[in-house]
Amino acid sequence: MKILVTGGAGYIGSHFVKFMNNGDNEITVIDNLSRGYKQAIPKNVKFFHIGIEEYDKLISILQNNNFDVVVHFAAYAYVGESVEKPDIYYENNVIGSYKLIKAAAVSGIKKFVFSSTCSVYGNPVNIPISEEQYPIPINPYAKSKLIIESMLKDFESSHGMNYISLRYFNAAGCDFEGSIGESHNPEPHLIPNVLLASLGKKKLYIYGNDYPTPDGTCIRDYVHVVDLSEAHYKAIKLLNKENKSYIINLGSGRGYSNLEILRVSEEIAKTRIPFTFSERRKGDPAILIADIKKAAELLNWKPKYNLYDIITTAYLWLKNPKY
Ligand SMILES: NC(=O)c1ccc[n+]([C@@H]2O[C@H](COP(=O)([O-])OP(=O)(O)OC[C@H]3O[C@@H](n4cnc5c(N)ncnc54)[C@H](O)[C@@H]3O)[C@@H](O)[C@H]2O)c1
């Protein structure tokens with residue numbers, strides 16, 4: 001397959017590229033490297049250092065290659081930053097994605113896979129969260145993703161470009177060989193932050209210990225980035241099989257509290273990890289767990305890796321990050 005990957009120099013995109021770079025596929029990455037790393041892109045993968053908002057360049061790339069599918073990871077993805085700077089989220093995510101979607105649609109692309117997020121659900125009404133739950137996003141990042149989903153629906157109607165929007169819960173873990181990994185700056189995610197604290201590289205804060213959960217800390221659903229990559233591959237297979245569009249949750253279907261993450265990390269890092277409880281963050285729901293039945297039914301996908309694999313591979317990377 002010929003695959004165009006946006007954001008392929010970032011955390012999840014680079015793992016997907018590595019997963020698909022197996023000799024069977026021809027992969028092209030576009031990334032403006034605003035939050036990604038050129039070293040994360042394999043040498044045999046064609047790379048264009050451009051932004052998704054650069055319409056004319058996109059058109060020329062799309063029209064000079066006969067891509068079977070576009071897989072769109074490129075975005076800004078920090079909830080807190082989006083509250084402080086909504087403008088850059090609407091500009092980069094919404095306007096950028098609009099340019100990309102339009103360029104793909106007018107170039108005759110018929111298959112599109114999109115990185116969406118569980119944060120579109122806002123404060124969930126039921127746990128686990130199924131795709132039936134009405135999305136009420138509560139921050140500009142999540143709103144930007146929901147707008148893009150709705151644009152995709154419109155371009156499906158107008159241009160017959162089918163899409164699968166994958167609503168990830170918490171992507172975590174790294175490549176099993178330790179050759180690529182998660183290097184966000186600043187790092188907003190709990191698992192790398194816990195492990196960076198274990199290595200003495202960062203102070204760890206746990207936000208809130210009075211949630212209505214068994215140990216008082218938030219519960220989240222973590223899914224290994226290699227499992228996510230496989231789910232994207234299976235989404236492309238589904239698009240190849242059916243002329244239909246879908247919205248599908250990707251998670252593990254189980255939740256771990258912040259303190260459980262800390263304990264498993266202590267076991268893996270073989271050290272006590274110091275931390276401080278701090279105030280709850282605004283807009284952090286107590287529990288987010290995915291209902292992953294739809295992914296199992298439609299994609300025939302279930303995560304293979306558990307929390308130990310997630311933390312072990314994240315630790316492997318963080319002890320010796322290459323970028
Ligand atoms: N990390 C998670 O847990 C998580 C959860 C839900 C959804 N997502 C979504 O998954 C996708 C990937 O997330 P990630 O954690 O790998 O993020 P990341 O920041 O590591 O990767 C994003 C990549 O996109 C690139 N990029 C950003 N704006 C661009 C633009 N205008 N043009 C070209 N390239 C651009 C960045 O340089 C970076 O390489 C994002 O769309 C994010 O919203 C991530």
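The values are calculated or read from the model by the stated rules, or taken from the named source; none is laboratory data. Remember, it's a predicted structure, so these values are computed and weren't measured experimentally. All Cβ positions, glycine included, derive from the backbone under ideal geometry; neighbour counts span all protein chains shown. Accessible surface is based on the protein model in full, side chains and every heavy atom, while ligands, DNA and RNA are left aside. Shrake-Rupley method; radii C 1.70, N 1.55, O 1.52, S 1.80 Å.
To the nearest 10 degrees, how steeply does helix 96-106 sit against the main Cα axis of the chain, on a 0 to 90 scale? Once rounded, the angle reads 30 degrees. Two numbers describe the Cα atoms of the chain: Rg and Dmax, which are 18.9, 57 Å.
Note on region 1-34 and region 262-278: Cα centroid distance 33 Å, given to the nearest whole angstrom.
Could you tell me whether region 153-287 comes out rounded, prolate or oblate from its Cα gyration tensor? Rule is a ≥ b ≥ c as square roots of the eigenvalues, rounded for a/c under 1.5, then prolate if a/b exceeds b/c, otherwise oblate. In terms of gyration-tensor shape, prolate. Kirkwood analysis of region 37-77, using all unique Cα-Cα pairs, places the hydrodynamic radius at 12.0 Å. Residues 226, 83 ordered from highest to lowest accessible area at a 1.4 Å probe: 83, 226. Computed from Cα positions, the angle between helix 307-319 and the longest principal axis of the chain comes to roughly 90 degrees. Using a Cα-Cα cut-off of under 19 Å, which aspartates and glutamates could be cross-linked to residue 294, ignoring same-chain neighbours fewer than 8 residues away? Once the sequence-local aspartates and glutamates are set aside, what remains near residue 294 is 131, 132, 149, 221, 227, 230, 242. Eigen-decomposition of the gyration tensor built on the alpha-carbon atoms of region 152-211 gives equivalent ellipsoid semi-axes of 36, 18, 9 angstrom, largest listed first. Annotation: amide H of residue 175 within the under-5 Å range of 180, sequence separation 5 or more or interchain, hydrogens built in the peptide plane.
Using a cutoff of 8 angstrom between alpha carbon atoms and counting only pairs six or more residues apart, the relative contact order for region 200-270 works out to 37 percent. Considering only Cα atoms, the convex hull volume of region 252-323 works out to 154 Å³ per residue.
Per-residue SASA remark: residue 225, around 0 Å² accessible (1.4 Å probe; ligands, DNA and RNA not included). Volume of the convex hull of region 57-99 (Cα atoms only), normalised per residue: 66 Å³.
Summary: within the chain, the longest segment free of GluC sites (Glu not before Pro) located in DSSP loops with at most 16 other C-beta atoms within 10 Å is 1-131.
Go ahead and collect, in residue order, the members of region 71-108 whose backbone nitrogen is under 17 Å from a label point 7 Å along the Cα-Cβ direction of residue 207. Label zone hits: 77-86. Per-residue extension of 0.36 nm, minus the Cα-Cα distance of residue 279 and residue 293, leaves a gain of 1.6 nm for this segment.
Residues whose amide H comes within less than 5 Å of that of residue 287, counting only those at least five positions distant or on another chain, are 219 (H built at 1.01 Å from N in the peptide plane). Shown here for region 141-250: trypsin sites (Lys or Arg not before Pro) in loop regions (DSSP other than H, G, I, E, B) with at most 14 other Cβ atoms within 10 Å, namely 201, 203, 244. 3J(HN,Hα) couplings calculated from phi for region 203-213 with the Karplus curve 6.51 cos²θ - 1.76 cosθ + 1.60 (θ = phi - 60°) are, in sequence order, 7, 9, 10, 10, 8, x, 10, 10, 7, x, 10 Hz; Gly and Pro show x. Rounded to the nearest 10 degrees, the angle from helix 140-159 to the longest Cα principal axis of the chain is 30 degrees. Using only alpha-carbon positions in region 1-140, the gyration tensor eigenvalues give semi-axes of 27, 17, 16 Å once each is multiplied by 5 and square-rooted (largest first). Here's how it looks for residue 71: its modeled amide H is under 5 Å from those of 4, 5, 6, 113, which are all 5 or more places away or on a different chain.
When region 218-323 is described by a simple charge dipole with +1 on each Lys and Arg Cβ and -1 on each Asp and Glu Cβ, the residue from 222, 303, 238 located farthest towards its positive end is 238.
Potential lengthening of the chain between residue 55 and residue 271 amounts to 72.7 nm, from the contour at 0.36 nm per residue minus the alpha-carbon distance. Annotation: the antiparallel percentage among DSSP beta bridges lying fully within the chain is about 5.
Computed from point charges on the beta carbon alone (+1 for Lys and Arg, -1 for Asp and Glu), the dipole magnitude for the chain about its Cα centre is near 420 Debye. Computed over the chain, relative contact order equals 19 percent, with contacts defined as Cα pairs under 8 Å that lie 6+ residues apart. Rounded to the nearest Hz, the phi-derived 3J(HN,Hα) couplings of region 25-31 under the Karplus curve 6.51 cos²θ - 1.76 cosθ + 1.60 (θ = phi - 60°) are 10, 10, 10, 10, 10, 10, 7, where x marks glycine and proline.
Need one word for region 56-206: rounded, prolate or oblate. Basis is the Cα gyration tensor (sqrt eigenvalues a ≥ b ≥ c); a/c below 1.5 gives rounded, then a/b vs b/c decides. Here region 56-206 falls in the prolate category.
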